[in-house]
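The values are calculated or read from the model by the stated rules, or taken from the named source; none is laboratory data. Please read all numbers here as calculations on a predicted model, not as lab measurements. Cβ atoms come from the backbone with ideal geometry, glycine included; neighbour counts cover every protein chain shown. Remember, those area values only see protein heavy atoms, side chains included, never the ligands or the DNA or RNA. Shrake-Rupley method; radii C 1.70, N 1.55, O 1.52, S 1.80 Å.
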Amino acid sequence: MGRTAGYGAYAARRLGYGVVLVVGITLVAFVLTHLVPSNPALVYAGLHPNPAQIARARQILGLDKPLYMQYLLFLRGLATGAWGISITTHGSVFQNVMTFLPPTLELVFFATLESMVLGVLLGVWASERPDGVADVAVRVLGAGLVSMPAFWLALLLQIVFFGQLHLLPLTGEYGGAYVLTARTITGFPLLDAALSHQWGLVGDELRHLVLPSLALAAYSIGLVARMTRATMLDALGTDYIRLAVANGVRRRRIYFRYALKNAIAPTLTVLGLTFAYSLTGDFFVEQIFFWNGLGSYSVHAIDNLDIAAVMGVLVVVSLAYTVVNLAVDLIRALFDPRLLVE
Amino acid sequence: MGVSQPVLAVRDLSVQLEGRAGTLNLLDRVALTVARGEVVAVVGETGSGKTLTGMAALGFFPARARVQGSVRVDGVELVPPTPQALAAVRGRRVAVVPQNPSTALNPVFTVGQQLGELLLTHRRLRSLRERREAALSLLREVELPRPAALLNAYPHELSGGMQQRVLIAMALACEPELVVADEPTTALDATTQAQILRLVLRLRAERGLALLWITHDLGVAAHLADRVVVLYAGKVMEDGPVAAVLGSPRHPYTRAVIDSLPGGGRRVRDIRSLPGDLPSPAALPAGCRFHPRCPMRFDPCAGTEPLLRLVGDGHAVACHRYDAPSTTAGGAPLP
Ligand SMILES: Nc1ncnc2c1ncn2[C@@H]1O[C@H](COP(=O)(O)OP(=O)(O)O)[C@@H](O)[C@H]1O
Ligand code: SF4
Ligand SMILES: [Mg+2]
């Protein structure tokens, strides 16, 4: 009944919104960074530059052109990977970003996985008996996780699991023993370790991932758990679930097939929204855990008013945010066909 | 297990809730019987306890309610509703056609998936092809056009009448002995309603289904039912063959309802139009709970509660006018 056509049109519409969003974000970011009262050419040209050196630096950085030209050039460069030159690393911003992005993506991937699995399980568990022991426990835990700042939780986790229990490593992506053997193939540390069959390194990296990913995921875990609980209870109270119960559908099927499918769409939306939060949380978490990713790179870039680098990071982050929310919309519509009707 | 064992036997069913306003007497010693293949209509004003009675046949009672008496389906006792009894009854022996078709279908599953779930649960059709075949034949049985396309349709793509037919097909998928239908045509327009009633009559004749049909529409009851049970404020007022209850009603409440209807009392329609108010379950009148509104009340009515008494073949009435002559000094049977 016209479902595939409906889905195609829906996907195209979402994609259109995504493109508009990215362009808008680059524009805003560009304008904002150019309002910062600073002179990047001075920073680029080094200590005590003479006027000729400054002029040369302005030329290299393209700062002598009109603003709209700078933006158009920036957009063209964006598409071709010419993202400008970082005034702190003196290298290509695109190269920098491609180097620092993969470790961050691995971290965010695990954090998202944790919020999805733990959040949904906790939420379903709590919904089984409203006001029961599990429900109260999950609600208290959820409120705690949602209201605890990422950096605070990060420090707490370090104190408990490293300081007290000696169970997990304090910082870094892997232990010092692997410095010489770790290879770079794709740039994704965990993937590279697996590709080069260094299973010891894989295990070590996973151990290093536990604390930062949990610190990053905490907020979403709490939010997803609360959301899942609420939407499960809503779903379980609907006429159609009550009819399924009346018609003798088994309890387990009711929970994990019926109610969960009804509850998953709003939960996905929450995951998409908390993704933005994870990215800002990532800045703190990477600093605290000495994680060599985009967060650390950005903090450094901001410290040094490295406009090109900040712009690069902004573009990547907004792109990632747009892609994730686009994916959420597309997946949601698979679970709930009503979304195709607008 | 005798041949004559009824599908549904409700005996002295009382449901009470402790509320802030005191005890709510939602159902009071309700009794009703549905024999195999029989259609029993439960009629009453909104709030009279029709839905509570119908849901009791599936072992649904309000949370924290005090439930007394007995509800037996095929001899399986549902008071108290043990998991085993519920598993033996819900879907297996009794299925439901709910009131509001637009909210009773799960919006995120196709018609085929929702039928398939019940076919898997109750007919143990493990292969997708078997379920598809069975679902198709059910959709044809409820006279839905283009059944193959319908299998992949989502509920929001169907009209109200089609949704109700799908819900009837879902009830049939369970292969129950009794279907509880709670005002299943109220949300539909008159034409669609008439079509659904025709369909139900046909299915009933073909499958020998027993029906507990809940309605406030006396016209529907007259059209469909073998027997009618009249509820008033959680209590059975009159119970008997449809011709007797609607043709020559004995209880003053039933009479008042029929007389108050437009068309001179013979064109029976909607019970909602009766003047006056249903008493609240928190403050039921003493004696006969209908006495404040009753045009026929006399001495004993405000003091003692009338019990159901047989006044004809399978026809019972709860009214002091029909008490045995020795106990009804001053009261004379109605003409
Ligand atoms: N779960 C419940 N909790 C409290 N009161 C209820 C509940 N279910 C029904 N009632 C009350 O019981 C009475 C009968 O309700 P119901 O069976 O739904 O009536 P009907 O279907 O005839 O309109 C009403 O007064 C209603 O408010
Ligand atoms: S018992 Fe009395 S008040 Fe009640 S219906 Fe009969 S006559 Fe009316
Ligand atoms: Mg009702």
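Order A:I221, A:I54, most accessible first, counting only protein heavy atoms with a 1.4 angstrom probe.
Values: A:I221 10, A:I54 40 Å².
I get A:I54, A:I221, largest accessible area first.
Counting Cβ atoms of other protein chains within 10 Å of each Cβ in B:145-156 and taking the mean gives 2.
For region A:297-340, with all protein chains in place and a probe radius of 1.4 Å, 74% of the accessible heavy-atom surface sits on carbon or sulfur. Taking 0.36 nm per residue of sequence separation and removing the Cα-Cα distance, the A:T184/A:A137 pair yields an extension gain of 12.5 nm.
For region B:86-100, a drop of 40 Å² or more in accessible area on going from the chain alone to the assembled protein chains (1.4 Å probe) is found at B:R90, B:V96. A simple rule links phi to the HN-Hα coupling: the Karplus curve 6.51 cos²θ - 1.76 cosθ + 1.60 with θ = phi - 60°, which for region A:134-150 gives 4, 4, 4, 4, 5, 5, 5, 4, x, 4, x, 5, 5, 8, 8, x, 4 Hz, with x for Gly and Pro. Rg and Dmax of chain A, both derived from C-alpha coordinates alone, stand at 23.8, 85 Å.
Pick from B:S14, B:S127, B:S260: which is most flexible by mean-square fluctuation in a GNM of chain B where alpha carbon atoms under 10 Å apart are linked? Result for chain B, Cα springs under 10 Å: B:S127 fluctuates most. The value of relative contact order for chain A, using C-alpha pairs under 8 Å at least six residues apart, is 27 percent.
So with the 1.4 Å probe, I'd like the accessible area per residue for chain A, rounded to whole Å². Walk me through the intermediate numbers first.
Numbers: 17340 Å² over 342 residues.
It amounts to 51 Å² per residue over chain A.
Over the Cα atoms of the protein assembly as shown, the radius of gyration divided by the Kirkwood radius equals 1.16; this is the Rg/Rh ratio.
Can you give the local net charge around A:V108? Use residues other than it whose beta-carbon is closer than 11 angstrom to its beta-carbon, Lys and Arg +1, Asp and Glu -1. Result for the neighbourhood of A:V108: -4.
Could you run the numbers on buried accessible area between A and B, total for both chains, 1.4 angstrom probe, in Å² to the nearest 100? Before the final figure, lay out each step's value.
Working: alone 18590 and 15180 Å², together 31350 Å².
The A and B chains share an interface burying roughly 2400 Å².
For chain A, a Gaussian network of Cα nodes joined below 10 Å ranks A:L15, A:L243, A:L156 by mean-square fluctuation, and the top entry is A:L243.
Charged side chains reduced to their Cβ positions (Lys and Arg at +1, Asp and Glu at -1) give the protein assembly as shown a dipole of some 1420 debye around its Cα centre. Residues of region A:243-271 whose accessible area (probe 1.4 Å, heavy atoms of protein chains only) drops by at least 10 Å² once all protein chains are present, relative to their chain alone: A:L243, A:V245, A:A246, A:N247, A:G248, A:V249, A:R250, A:R253, A:R257, A:Y258, A:K261, A:N262.
Taking 20 Å as the straight-line reach from the Cα of B:K235, the lysines in range (excluding those fewer than 8 positions away in the same chain) are B:K50. Computed about the Cα centre, the dipole magnitude for region A:99-303 is approximately 1060 debye when only Lys and Arg (+1) and Asp and Glu (-1) carry charge, each at its Cβ. Within the assembled protein chains, the solvent-accessible surface assigned to B:H156 is about 80 Å², based on a 1.4 Å probe.
Between B:R202 and A:L334, the FRET efficiency from the beta-carbon distance, with R0 = 45 Å, is close to 0.70.
Please state the shape class of region B:46-201: rounded when a/c is under 1.5, otherwise prolate if a/b exceeds b/c and oblate if not, all from the C-alpha gyration tensor. Before the final figure, lay out the partial values.
On the way: a/c = 2.17, a/b = 1.39, b/c = 1.57.
Oblate shape, in that a/c is at least 1.5 and b/c is the bigger or equal ratio.
Show me, for region A:304-319, the HN-Hα J-couplings you get by feeding each phi into the Karplus relation (A = 6.51, B = -1.76, C = 1.60, θ = phi - 60°), rounded to Hz, glycine and proline as x. Result, rounded to whole Hz: 9, 6, 7, 4, 4, 5, 4, 4, x, 4, 4, 4, 4, 5, 5, 4.
With a 1.4 Å probe and every protein chain kept in, tell me what percent of the accessible surface of chain B is carbon plus sulfur. Don't skip to the answer; put the middle values down first.
Details: 7560 of 14010 Å².
In chain B, the share of accessible area belonging to carbon and sulfur is 54 percent.
Near B:L136: Cβ cut-off under 15 Å, other residues only, Lys/Arg at +1 and Asp/Glu at -1. The net charge is +3. Summing charges over neighbours of A:V323, with a neighbour being any other residue whose Cβ is under 12 Å away from its Cβ, gives 0 when K and R count +1 and D and E count -1.
Across region B:150-162, computed HN-Hα scalar couplings (Karplus, 6.51 cos²θ - 1.76 cosθ + 1.60, θ = phi - 60°) run 5, 4, 8, 7, 8, x, 5, 8, 10, 7, x, x, 5 Hz from first to last residue, x flagging Gly and Pro. Translational diffusion of region A:99-303 was estimated from the Stokes-Einstein equation, with Rh taken as the Kirkwood radius over Cα pairs; at 25 °C and 0.890 mPa s the coefficient is 133 µm²/s. Mean separation of Cα pairs under 8 Å and 6 or more residues apart, divided by the residue count, gives chain B a relative contact order of 20 percent.
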